[in-house]
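Everything on this sheet refers to the single structure shown next.
The values are calculated or read from the model by the stated rules, or taken from the named source; none is laboratory data. Just so we're clear, the structure is a prediction, and the values are computed from it rather than from any experiment. No Cβ is skipped: glycine too gets one built from the backbone with ideal geometry, and neighbour counts run over all protein chains shown. Surface accessibility is based on the protein's heavy atoms, side chains included, excluding ligands, DNA and RNA. Shrake-Rupley method; radii C 1.70, N 1.55, O 1.52, S 1.80 Å.
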Amino acid sequence: MSGIRDSPLYNEDLAPVPQSRRDWGVYNYASLWVGMSVCIPTYMLASGLIAGGMNWWQAIGTILLGNLIVLVPMLLNAHAGAKYGIPFPVLVRAPFGVLGANVPAILRALVACGWFGIQTWIGGQAINAMLGILWPAWSRFDTGPAACFVFFWALNIVVIWRGIETIKFLEGIGAPFMLAIGVLLLWWVTRKAGGFGPVLSTPSRFRDGAAFFRFFVPALTGMVGFWATVALNIPDFSRYARSQKAQMLGQALGLPTAMTLYSFIGVAVTSASVVIFGEAIWDPVVLLGRFHQPAVAFVALIALLLATLNTNVAANVVSPSNDFSNVNPRRISFRTGGLITGCLGLVMMPWKLMGDYSAYIFGWLVGYSALLGPIAGIMIVDYFLVRRRELAVEDLYLRHRTYEYSNGFNYRALLALAGGIAMALLGLVIPPLRWLYDYAWFVGFLAAGGLYFRSARQTHFLVSPGQ
């Protein structure tokens with residue numbers, strides 16, 4: 001591997017992780033998912049379904065099903081990271097070419113920048129609300145929300161600058177604390193509402209099965225889309241795994257359990273807000289402000305702040321930092337990529353994306369799933385069906401080798417990607433085909449994966465192990 005160090009496609013952040021540094025066990029991966037799942041967007045995901053008309057068990061069932069579905073590509077894409085120690089932007093050099101890999105990497109990075117902006121905006125709002133409760137005069141400052149937003153943005157940048165080990169430390173200590181605070185908030189709010197009986201008795205607002213499924217289908221796609229981002233860049237984390245078993249078991253235990261539990265908290269608390277205030281309040285920051293209990297609000301908002309910081313740096317910084325570094329490994333380090341992520345997150349106007357539950361679930365989540373589903377389909381088909389889990393790792397960092405294709409680009413993969421995205425987005429312009437958009441991630445995944453596999457067969461691109 002020493003021959004790749006002088007390659008323009010190589011830097012230390014993108015290099016394969018040596019076996020001596022692969023020390024993440026089951027607990028690390030389980031706590032990683034707890035830390036990423038226990039956050040305000042997860043809460044809003046669940047509460048948005050309640051606000052949209054579902055009852056509590058319909059909302060929880062939709063979220064659980066969506067996370068079980070996305071766990072499959074998550075574990076499949078994690079395999080190469082754990083086996084070879086390589087991150088996502090290096091892995092996609094195999095199907096897309098050593099230069100063509102920048103296309104899916106940048107698409108993934110831009111989505112992460114949007115999420116970084118959303119999480120930073122939410123964190124800033126939580127700080128602003130907390131200060132308003134503890135110090136009522138703060139609410140009179142017109143620049144208060146902006147100042148809190150900038151402060152929380154700077155806090156994220158500090159964590160980025162300290163690197164991956166700080167992220168691992170935050171997830172390890174923060175996950176149990178955040179779950180405990182979530183359960184405490186659930187107990188406190190349901191007590192105010194008179195117990196679980198009134199909270200969970202709120203009926204579904206759908207008139208019949210047809211009305212329910214018109215809401216359920218895009219909602220399920222949104223649930224898959226929620227973690228479709230990390231389903232692509234999971235090699236950025238699985239490259240540190242002690243073994244395949246450690247990362248698979250940790251993820252299988254952590255993702256569905258944490259998402260379902262914290263989603264239930266969001267569902268129950270939002271349902272309690274209907275009982276207490278007569279309306280479904282899907283934003284927990286707004287809800288906490290309604291109770292005017294400084295001590296409770298302070299503890300809960302600190303927990304939400306820690307949760308938001310944990311999720312932001314793990315889910316929305318690691319991948320785009322590596323992805324931007326992949327564009328020019330010699331000039332863009334992990335830290336520099338993280339700074340680019342932070343700046344782009346500011347200009348994507350996250351307050352627009354979080355305007356209401358409809359824009360959040362059916363606009364943002366479903367919309368970007370049309371971009372990420374096709375990438376996942378091509379990655380999985382290439383690694384498991386075309387290459388049969390065998391990669392020439394050194395060639396992933398070198399020009400004019402196995403993954404050079406046509407001047408560094410595999411145009412077959414890029415055409416399959418374009419075809420999958422176009423198929424998923426077709427429903428936006430042709431109303432009778434709206435179902436294609438409602439199933440955007442699934443349609444894009446199957447269409448792009450199928451097109452890529454067919455192209456590989458027709459051109460005799462299917463390779464034997466080691467090629």
TODO: Confirm whether Leu415 is touching a residue at least 24 places away in the same chain (Cβ under 8 Å), under 27 Å from the mean Cα position of the chain (by Cα) and assigned to a helix (DSSP H, G or I).
DONE: yes
TODO: Would you be able to tell me the number of residues in the stretch 72-110 that are open to solvent by 10 Å² or more (accessible area, probe 1.4 Å) and more than 17 Å from Leu396 (Cβ to Cβ)?
DONE: 6
Open item on the list: Between Arg387, Arg401, which is crowded, with 16+ Cβ neighbours inside 10 Å and among the basic types (Lys, Arg)?
Closed with: Arg387
TODO: Taking only the stretch 364-380 into account, find how many residues are farther than 14 Å from Val230 by Cα and at pLDDT below 95.
DONE: 4
Open item on the list: Taking the condition of being open to solvent by less than 20 Å² (accessible area, probe 1.4 Å) and either touching a His at 6+ places or on another chain (Cβ under 6 Å) or of a type in the set (A, V, I, L, M) (or both), how many residues in the stretch 362-379 meet it?
Closed with: 8
Task: Any chance Arg335 is outside any helix (DSSP H, G or I), under 30 Å from Phe149 (Cβ atoms), open to solvent by 60 Å² or more (accessible area, probe 1.4 Å) and at pLDDT below 95 - done: no
Open item on the list: Given the criteria open to solvent by 10 Å² or more (accessible area, probe 1.4 Å) and either more than 16 Å from Asn328 (Cα to Cα) or in a helix (DSSP H, G or I) (or both), does Leu131 qualify?
Closed with: yes
TODO: Collect the residues in the stretch 220-239 that are of a type in the set (A, V, I, L, M, F, W, C) and farther than 17 Å from Thr260 by Cα, keeping them in residue-number order.
DONE: Val230, Ala231, Leu232, Ile234, Phe237
TODO: Check Leu261 against each of (1) open to solvent by 10 Å² or more (accessible area, probe 1.4 Å); (2) in contact with a strand residue (DSSP E or B) (Cβ under 8 Å, 6 or more places away or on another chain) and name the one condition it does not meet.
DONE: (2)
Open item on the list: Among the residues in the stretch 159-176, are any modelled with pLDDT of 70 or more, closer than 23 Å to Ile340 by Cα and open to solvent by less than 80 Å² (accessible area, probe 1.4 Å)?
Closed with: yes
- [ ] List every residue pair whose Cβ atoms sit under 8 Å apart, with the two residues 6 or more apart in sequence or on different chains, where the first one lies in the stretch 102-115 and is over 13 Å from Pro350 (Cα atoms) and the second, anywhere, is outside any helix (DSSP H, G or I) and open to solvent by less than 10 Å² (accessible area, probe 1.4 Å).
- [x] Pro104/Val92; Ala105/Val92
TODO: Just one of (1) surrounded by fewer than 24 Cβ atoms within 10 Å (Cβ to Cβ); (2) at pLDDT below 80 trips up Thr270, so point out which.
DONE: (1)
Task: Wholly within the stretch 1-104, helices (runs of 4 or more DSSP H) carrying at least 1 residues that are among the hydrophobic types (A, V, I, L, M, F, W, C) and more than 24 Å from Leu232 (Cβ to Cβ) - done: 40-51, 56-84
TODO: Report whether or not Arg239 is touching a Gly at 6+ places or on another chain (Cβ under 6 Å) and buried (at least 16 other Cβ atoms within 10 Å of the Cβ).
DONE: yes
Task: Residues being at negative phi and open to solvent by 40 Å² or more (accessible area, probe 1.4 Å) - total across the stretch 406-449 - done: 22
TODO: Kindly provide the set of residues from the stretch 253-273 that are within 22 Å of Ser201 (Cα to Cα) and of a type outside the set (A, V, I, L, M), ordered by number.
DONE: Thr260, Tyr262, Ser263, Phe264, Gly266, Thr270, Ser271, Ser273
TODO: Determine whether Leu68 is surrounded by fewer than 19 Cβ atoms within 10 Å (Cβ to Cβ), among the hydrophobic types (A, V, I, L, M, F, W, C) and at pLDDT 85 or above.
DONE: yes
Open item on the list: Based on this model, can you work out whether Thr229 counts as among the hydroxyl-bearing types (Ser, Thr, Tyr) and more than 28 Å from Leu371 (Cα to Cα)?
Closed with: no
TODO: For the stretch 194-232, enumerate the residues that are open to solvent by 50 Å² or more (accessible area, probe 1.4 Å) and on the phi > 0 side of the Ramachandran plot.
DONE: Gly194
